[in-house]
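Report on the following structure.
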């Protein structure tokens, strides 16, 4: 376990849980929290012991976005931190699961969108509230939002600056699955444990390929699949699992 002032990291069973810990501020982003989050993500993404990363918030909020009390002075630093956080999450070799336990607003919304999968409490909400402050989306929102929804939907969400409740967010593709709030932590652990049980190199190659496919041709992806499969056929995990499958079928 690693602990900071504004972020807590727990590693158990191959799962690293990174928790934002400013519950009195709904885990709002200030310079210290951003610095600690970056340090924590560097720690867990670089660890061979970590197979899955879970991002969540302490208390009743996931992340309320920028701390308004420091936005006027630290705004540029907070925006720059968003670039590093988004790239750390997308370049992480491990699956990254957002367990959205409450409000995810502004940069906090896009922190969730930068993760590979979003499991949300039915009491959660997510919103691109930047226009309320006269600002435009940051922390990767202009990239993630239209890819998860549609350009027209993304524009409506940004222009309206509204908080979207969990059920609607699931329909729009902002949340992948919604569960009762009391079950969120258990469901997140269950899902993370299932992913962590998969062969890590195969998981890594799948994540690389699926994101690369967004900017690649069919021919390029077919060629990459051949490279990946030939690499994975030679791994002990693949040989063991193929052998077990053959044994089971022959019974």
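The values are calculated or read from the model by the stated rules, or taken from the named source; none is laboratory data. Keep in mind the model is a prediction, meaning the values are calculated, not measured. Virtual Cβ from ideal backbone geometry, glycine too; neighbours counted across all protein chains shown.
Does the stretch 177-184 contain any residue that is within 25 Å of residue 82 (Cα to Cα), in contact with a helix residue (DSSP H, G or I) (Cβ under 8 Å, 6 or more places away or on another chain) and modelled with pLDDT of 95 or more? Don't jump to the end; show me each part of the working.
Step one: filter the stretch 177-184 for residues within 25 Å of residue 82 (Cα to Cα), giving 177.
Cutting the leftovers down to in contact with a helix residue (DSSP H, G or I) (Cβ under 8 Å, 6 or more places away or on another chain) gives us 177.
Still in the list and also modelled with pLDDT of 95 or more: 177.
Among the residues of the stretch 177-184, at least one is within 25 Å of residue 82 (Cα to Cα), in contact with a helix residue (DSSP H, G or I) (Cβ under 8 Å, 6 or more places away or on another chain) and modelled with pLDDT of 95 or more, which makes the answer yes.
Looking at the structure I just gave you, is residue 142 assigned by TED's automatic domain parsing to the domain that holds residue 13 and more than 20 Å from the chain's Cα centre (by Cα)? Break it down stepwise before answering.
Working: assigned by TED's automatic domain parsing to the domain that holds residue 13: yes; more than 20 Å from the chain's Cα centre (by Cα): no.
No, not satisfied.
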Mind checking which residues of the stretch 26-37 are surrounded by fewer than 19 Cβ atoms within 10 Å (Cβ to Cβ) and out of contact with any helix residue (DSSP H, G or I) (no Cβ under 9 Å at 6 or more places or on another chain)?
32
Scan the stretch 145-159 and give yes if some residue there is out of contact with any helix residue (DSSP H, G or I) (no Cβ under 6 Å at 6 or more places or on another chain), modelled with pLDDT of 95 or more and under 18 Å from residue 103 (Cα atoms), otherwise no.
yes
With over 16 Å from the mean Cα position of the chain (by Cα), closer than 17 Å to residue 115 by Cβ and assigned by TED's automatic domain parsing to the domain that holds residue 99 as the only criterion, which of 157, 172, 135, 184 stands out?
172
Does residue 10 qualify as being surrounded by fewer than 23 Cβ atoms within 10 Å (Cβ to Cβ) and closer than 30 Å to residue 199 by Cα?
yes
Conditions (1) in contact (Cβ under 8 Å) with a residue 40 or more places away in the chain; (2) within 27 Å of residue 94 (Cα to Cα); (3) in contact with a strand residue (DSSP E or B) (Cβ under 9 Å, 6 or more places away or on another chain) -> residue 140 fails only (3)
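Rundown of residues vs (1) closer than 27 Å to residue 214 by Cβ; (2) out of contact with any strand residue (DSSP E or B) (no Cβ under 7 Å at 6 or more places or on another chain), yes/no style:
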position	(1), (2)
13	no, yes
27	no, no
39	no, yes
49	no, no
56	yes, no
65	yes, no
72	no, yes
80	yes, yes
93	yes, yes
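Only strands (runs of 3 or more DSSP E) wholly contained in the stretch 1-87 count here; list those with 3 or more residues that are closer than 19 Å to residue 105 by Cα, under 20 Å from the mean Cα position of the chain (by Cα) and in contact (Cβ under 8 Å) with a residue 60 or more places away in the chain. Quick ask: steps written out before the conclusion?
Numbers: elements: 7-12, 15-20, 52-57, 61-63.
The qualifying strands (runs of 3 or more DSSP E) are 52-57.
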Just checking, does the stretch 210-221 include any residue being in contact (Cβ under 8 Å) with a residue 60 or more places away in the chain, under 19 Å from the mean Cα position of the chain (by Cα) and outside the structural domain of residue 47 (by TED's automatic domain parsing)?
yes
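Taking residue 191 as the residue in question, decide whether it is in the same structural domain as residue 119 (by TED's automatic domain parsing) and either closer than 23 Å to residue 49 by Cβ or more than 20 Å from the chain's Cα centre (by Cα) (or both). Steps first, answer last, please.
Working: in the same structural domain as residue 119 (by TED's automatic domain parsing): yes; either closer than 23 Å to residue 49 by Cβ or more than 20 Å from the chain's Cα centre (by Cα) (or both): yes.
Against the criterion (in the same structural domain as residue 119 (by TED's automatic domain parsing) and either closer than 23 Å to residue 49 by Cβ or more than 20 Å from the chain's Cα centre (by Cα) (or both)), residue 191 qualifies.
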